[in-house]
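Structure record follows, encoded as structure tokens.
The values are calculated or read from the model by the stated rules, or taken from the named source; none is laboratory data. Values in this document were obtained by computation on a predicted structure and should not be read as measured data. Here the Cβ positions follow ideal geometry from the backbone for every residue, glycine too, while neighbour counts run over all protein chains shown.
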Amino acid sequence: MPPTPDDALTSLRQAMDYVPQGIAMFDSALRLVSSNGRYGLLLALPDHLLKPGTALFDIALFLGDRGDLGQGDAARLAIERVNAITAAPNTVTQRLGNVGQMLEFYTSRLPDGGLAISFSDVTARIKAERELERVNQSLEGRVAERTATLTRVNAELESARAKADAANHDKTRFLAAASHDLLQPLNAARLYTSTLIERAKSTGLADLANSIEASLTAVEDIMSALLDISRIDSGALRPVPIAFSARELLKKIEVEFGPMARERSVHLEIVATNAVVIADRMLVGRIVQNLVSNAIKYTLPGGRVLVGIRRRGSRIRLDVIDTGIGFNKDQHRLLFAEFSRLERGARMAQGLGLGLSIVQRLVAALGLTLELDSVEGRGSRFSLFLAAARNVRSVAEVGTPLPEPVFGQLDLRILCVDNERNILEAMEGLLSHWGCDVRSARSLKEIDRDGLLEGWYPDLVLMDYHLDQTSGLDAIEWLRHNVGGHLPAALVTADRSPAVRALAEERGIAVVTKPVKPAALRAAITGLAGQGGRQGRKAG
């Protein structure tokens, strides 16, 4: 007669009593299910604590009373011990036994919530390791000296880090307040460089101009990332959920990252959608920007990046899929760590490894879900889940496409207002090269004093937000009151706070963030010119 399952289980239990390790199983309530003889022997437990149903805490409390867990209150020591071996899916710990032997414990949480414990007496191994260490000590004198130096340096760094943490709140407040001043000179440099690139085409200076542009872009990316982290950590980012068109979001991604993808010979595909979602539009846009930027950076030439929307029940899933270098599951946590980059990715593209750290912080701040799936060497999929709007119109009309940036001459009259002269000069150079008739001023007072609007009607106005005597929003309202209520306008600002963006949207004013990217500026200007219907030409 073949053995029954009960016979096999009995045989297994008998065999377990002969293994040198102590083994025990606990259920999801952390009560003993079974153990082998070695378990009770190594721990020197009384029989009543080896009965099925015994709580793990009761065993730990007994060990704490006996002194196995060190000096202190037995109950507190028992709680700490239980927490230590159950806090993670898998743990490895060591402690002294009741007769001074060294015990090494391995614990694993089971799928049903239970706990498996195995341990053994490793006293002999520990002694051998210490003996080997003693033998090698004379050969490792210089290593020990260097280790001591490194320990001292680490202690100094730790002290500096502690001081930095103590001042972290003030730092984040300062960075949030200083973002305008930090980005102003970079904005001027980007505008000057954009003009230089266009004028240097087909000349020997083209490569130099493009190298300068690449360096400025790297600086901008780093500063923007640090400012984003600062705003998140300081609590300055407060989500403002609204209904908006996913098509609008994806169109902006296409306009912004199309040139980058073409430069890297990566095919960027944006799948059209009519979905309307509810979320903070600016912060979700920042998440998708980081995901798409990473996807393009880490996809080899000839690869593809796909951005699209899928409906999943009451939610919308926004996918960013690439055929890039990918990663394995063991690297998931490393991906989202600050200043951490995978080795192959670091060889492919420059950066500090902040993009996905910002994504994770923003996802947490918005209460969203982000899934990732990847196969090393084949590509990755990042999926952001958003709430779907039902019978709600988006803030922008769902069916209204965003303008594509137009190349060639724009032939527009543009009024630029900024309190920084170098930014005005750079903006004038770029817009003039695009065929625009540009007039500029540093304030409303200067516009009035110099009579800039006498006999000249602008097609649109580009207005800085931080002016010396008023805000850019109020200045635009003044211009519309005195020039014409239909005057199209864009707020050009380094202030990326949701409050400023919301105020601008309420007044029908577009927002272009500094440092200004030429493609984004051109797209904004094209859209504004379409809004105005070139009424200024008729009036002129």
Inset, instruction - Would you check if Val292 is closer than 19 Å to Phe385 by Cα and within 17 Å of the chain's Cα centre (by Cα)? - result: yes
Inset, instruction - Could you grab me the full set of residues in the range 274-292 that are buried (at least 20 other Cβ atoms within 10 Å of the Cβ) and either in a strand (DSSP E or B) or hydroxyl-bearing (Ser, Thr, Tyr) (or both)? - result: Val276, Val277, Ala279
Legend entry - Within the range 494-520, considering residues that are modelled with pLDDT of 85 or more and in contact with a helix residue (DSSP H, G or I) (Cβ under 8 Å, 6 or more places away or on another chain), the one farthest from Cys436 (Cα to Cα): Leu503
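If you check Ala74, Ala60, Ala144, which single one turns out to be closer than 26 Å to Met16 by Cα, among the small types (Gly, Ala, Ser) and either in contact with a helix residue (DSSP H, G or I) (Cβ under 8 Å, 6 or more places away or on another chain) or not assigned by TED's automatic domain parsing to the domain that holds Gly37 (or both)? Write out each step before concluding.
Numbers: Ala74 fails: closer than 26 Å to Met16 by Cα; Ala144 fails: closer than 26 Å to Met16 by Cα.
Checking each option against the conditions leaves just Ala60.
For the range 86-109, name all the residues that are under 15 Å from Leu32 (Cβ atoms) and touching a residue at least 24 places away in the same chain (Cβ under 8 Å). If you could, list the steps in order and put the result at the bottom.
Going through the range 86-109, the residues under 15 Å from Leu32 (Cβ atoms) turn out to be 86, 107.
The answer is Thr86, and nothing else.
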Inset, instruction - Only residues in the range 27-48 that are closer than 22 Å to Gly67 by Cα count as the first member; pair them with residues that are part of a loop (DSSP other than H, G, I, E, B) and aromatic (Phe, Trp, Tyr), Cβ under 9 angstrom, at least 6 apart or cross-chain, and list the lot. - result: Arg38/Tyr18
Inset, instruction - Please specify each residue of the range 112-142 satisfying the condition of being in contact (Cβ under 8 Å) with a residue 24 or more places away in the chain and either exposed (fewer than 14 other Cβ atoms within 10 Å of the Cβ) or more than 30 Å from Thr86 (Cβ to Cβ) (or both). - result: Asp112, Gly113
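Using the structure shown, decide if Ile321 is modelled with pLDDT of 85 or more and either surrounded by fewer than 16 Cβ atoms within 10 Å (Cβ to Cβ) or in a strand (DSSP E or B) (or both).
Numbers: modelled with pLDDT of 85 or more: yes; either surrounded by fewer than 16 Cβ atoms within 10 Å (Cβ to Cβ) or in a strand (DSSP E or B) (or both): yes.
Against the criterion (modelled with pLDDT of 85 or more and either surrounded by fewer than 16 Cβ atoms within 10 Å (Cβ to Cβ) or in a strand (DSSP E or B) (or both)), Ile321 qualifies.
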Inset, instruction - Tell me which residues, restricted to the range 36-51, are surrounded by 12 or more Cβ atoms within 10 Å (Cβ to Cβ), more than 16 Å from Val99 (Cβ to Cβ) and modelled with pLDDT of 90 or more. - result: Leu49, Leu50
Legend entry - Which listed residue, of Ala504, Ala519, is hydrophobic (A, V, I, L, M, F, W, C) and touching a strand residue (DSSP E or B) at 6+ places or on another chain (Cβ under 6 Å): Ala504
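So, in the range 371-387, how many residues would count as being charged (D, E, K, R) and surrounded by 12 or more Cβ atoms within 10 Å (Cβ to Cβ)?
Looking only at the range 371-387, we keep the residues that are charged (D, E, K, R), and these are 371, 373, 376, 378, 381.
This time we only want the ones that are surrounded by 12 or more Cβ atoms within 10 Å (Cβ to Cβ), so: 373, 376, 381.
Qualifying residue count, the range 371-387: 3.
Suppose we filter the range 474-501 for residues that are surrounded by 16 or more Cβ atoms within 10 Å (Cβ to Cβ) and not charged (D, E, K, R); how many remain?
The initial filter retains those residues of the range 474-501 that are surrounded by 16 or more Cβ atoms within 10 Å (Cβ to Cβ), namely 475-477, 479-480, 483, 487-498, 500-501.
Remaining after also requiring not charged (D, E, K, R): 475-476, 479, 483, 487-494, 497-498, 500.
Of the residues in that region, 15 qualify.
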Legend entry - Given (1) under 22 Å from Leu186 (Cβ atoms); (2) at pLDDT 85 or above; (3) in contact with a Lys or Arg (Cβ under 8 Å, 6 or more places away or on another chain), index of the condition Ile525 fails: (3)
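Can you tell me which of Lys329, Lys297 is surrounded by fewer than 16 Cβ atoms within 10 Å (Cβ to Cβ) and either farther than 14 Å from Leu368 by Cβ or charged (D, E, K, R) (or both)? Spell out how you get there, then give the answer.
Values: Lys297 fails: surrounded by fewer than 16 Cβ atoms within 10 Å (Cβ to Cβ).
The match here is Lys329.
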Legend entry - So Glu454, is it assigned to a helix (DSSP H, G or I) and in the same structural domain as Lys514 (by TED's automatic domain parsing): no
